[in-house]
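The values are calculated or read from the model by the stated rules, or taken from the named source; none is laboratory data. Bear in mind that the values here come from a model prediction, so they are computed numbers and not experimental data. So basically every Cβ, Gly included, is an ideal-geometry build from the backbone, and we count neighbours across all protein chains shown.
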Amino acid sequence: MSERNVLKVLSYFVLILMLVSSLFQLYLTDQTRKQQQSVLAMQSLLDLSDEFSANLGSVQQEFRSYAINPRPDVLNSLSKFQSVVNRVLKEKLALSVQYPEFKNHITKINRIFEAENKAINAYVNIHPTKMVAEESLKAVGQNERAMGMLWTELFEYRKLLKDRVRSVNDNISSISEKSFKGSVISLLLLFGVILIFGYRYIRAKKRYKAAASDLVLSNHEMLMRSLLE
């Protein structure tokens, strides 16, 4: 195989490698985008969990205060925090649709809170202004136990969520590293293509000059022969 054909085959081979590298870069870019979207969604779940925790603690505290001293302002505050917790739970359930492992925890948290929320409302409706001391202590004790289960489930959920965020961030770092290596390889291949085509151009130019020189010599020889004849 002539040098010209070897260079031609080599240039095509490098171009194919560049195409494969470019497609791989596009794939890595798409994977990075998806992973980043996943992190944003999970970060939203974490933010909602913070809001849920803050308001859940307020529900627990306000109910305890109301059981001891059932004032209207405390009841209004309790109702407000209950509404916020319900709203946050609905948002968490909507966001967790694409993550079954999270949705199971949120569904369980929602189920526990709904049951306890009904119990709180039942106590408040039965004793809207005054609760018997014994019943107050019983209500608070039951609430504390239910909230304990709820907090345990919430802590497990947050740990799972944080571990998942950490794992996805590690994946993004790994993909970014591969993408950087792919970019370096693509640049090297591009440099190789430039060298090959540059070398082919120089060779073609030399051949053209040599052919032109041979043509001039041939014409000169023909002229001299015609003069001699």
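Does GLU177 qualify as being acidic (Asp, Glu) and either under 24 Å from GLY57 (Cβ atoms) or not in a helix (DSSP H, G or I) (or both)?
When the stated conditions are applied, GLU177 does not pass them.
Looking at SER179, is it free of Cβ contacts under 8 Å to residues at least 40 places away in the same chain and among the hydroxyl-bearing types (Ser, Thr, Tyr)?
Against the criterion (free of Cβ contacts under 8 Å to residues at least 40 places away in the same chain and among the hydroxyl-bearing types (Ser, Thr, Tyr)), SER179 does not qualify.
Please go through (1) out of contact with any helix residue (DSSP H, G or I) (no Cβ under 7 Å at 6 or more places or on another chain); (2) within 19 Å of SER58 (Cβ to Cβ); (3) small (Gly, Ala, Ser) for ALA146 and return the number of the only condition it doesn't satisfy.
So ALA146 meets the others, but not (1).
Among the residues of region 7-26 satisfying the criterion of being loosely packed, with under 14 Cβ neighbours inside 10 Å and of a type in the set (Phe, Trp, Tyr), which is farthest from the chain's Cα centre (by Cα)?
Among them, the one singled out is TYR12.
Results for (1) at pLDDT 80 or above; (2) in contact with a strand residue (DSSP E or B) (Cβ under 7 Å, 6 or more places away or on another chain); (3) under 26 Å from GLY141 (Cα atoms), shown as yes or no for each residue.
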site: ARG4; (1), (2), (3): no, no, no
site: SER11; (1), (2), (3): no, no, no
site: VAL14; (1), (2), (3): no, no, no
site: LEU19; (1), (2), (3): yes, no, no
site: SER44; (1), (2), (3): yes, no, no
site: GLY57; (1), (2), (3): yes, no, yes
site: PHE63; (1), (2), (3): yes, no, yes
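Would you confirm, using the coordinates I've provided, whether SER167 is farther than 20 Å from SER49 by Cα, among the hydroxyl-bearing types (Ser, Thr, Tyr), free of Cβ contacts under 8 Å to residues at least 12 places away in the same chain and part of a helix (DSSP H, G or I)?
Here the answer is no, as SER167 does not meet what is asked.
With the requirement that a residue be of a type in the set (A, V, I, L, M), closer than 18 Å to LYS159 by Cα and buried (at least 19 other Cβ atoms within 10 Å of the Cβ), what does region 95-120 give you? Break it down into steps so the answer makes sense when it comes.
Applying the first criterion (of a type in the set (A, V, I, L, M)) to region 95-120 yields 95, 97, 106, 109, 112, 115, 119-120.
Filter once more, keeping what is closer than 18 Å to LYS159 by Cα: 95, 106, 109.
Passing the criteria: ILE106, ILE109.
Within region 203-225, is even one residue assigned to a helix (DSSP H, G or I), surrounded by 11 or more Cβ atoms within 10 Å (Cβ to Cβ), in contact with a Leu (Cβ under 9 Å, 6 or more places away or on another chain) and modelled with pLDDT under 85?
yes
Applying the selection to region 148-159, what residues are surrounded by 15 or more Cβ atoms within 10 Å (Cβ to Cβ) and within 22 Å of the chain's Cα centre (by Cα)?
TYR157, ARG158
Can you tell me which condition ARG145 does not meet? The list is (1) under 28 Å from the mean Cα position of the chain (by Cα); (2) among the basic types (Lys, Arg); (3) loosely packed, with under 13 Cβ neighbours inside 10 Å, and all the others hold.
That leaves (1) as the condition not met.
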